[in-house]
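Laboratory data are not the source of any read-out in this text; all were calculated from the coordinates shown. As the structure is a computational prediction, the values presented were derived from the model and not from experiment. All Cβ positions, glycine included, derive from the backbone under ideal geometry; neighbour counts span all protein chains shown.
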Amino acid sequence: MYIDDAFWQYSLLLANALLLGAAALVIVRLRRELHTMREFWTSPAMAAMQPEPYDDRDLRRMFDRRLTMLQKYVEQQVAARPNMVAESPAAVAPRSNELPVEYATRMARAGASEDDLVRGCGLNKGEAQLLMRLHAGRTSATQAITH
């Protein structure tokens, strides 16, 4: 049984047509699926599930109020003790059995800078600023608050 070239050509043509038809069906199904997914992601229900952008204005206002209260407290404490004699920062030495925070407090009252507290007591910058605001003299406290 001999199969001529025309049969092979028609067979290849038919196979190509079937493959093109199958590809067209796959493309149509994919487009429908994409359309369904697009509708889902743009639906109002999906938009309601999106988190609102973070708004820190309330937190900032609260922090500003607390900072203002702290500044007033520091000013009142400084005004309550106008004749307090401060030690020079160089004369302040750690006492035996004294905690680093107590030593840092004495240094702040004596007029040490934030950097002195960081280096001498092992505090971080924020802790040093807080101690300066709470325990430094009038000029040092206002400098610590403005920085």
For the stretch 24-30, 3J(HN,Hα) per residue [Karplus equation, 6.51 cos²θ - 1.76 cosθ + 1.60, θ = phi - 60°, Hz, x = Gly/Pro]: 4, 4, 4, 5, 4, 5, 5
At R0 = 30 Å, FRET efficiency that the Cβ-Cβ distance of residue 81 and residue 59 yields, to 0.05: 0.35
Neighbour net charge for residue 65 - beta-carbon separation under 15 angstrom, K R +1, D E -1: +2
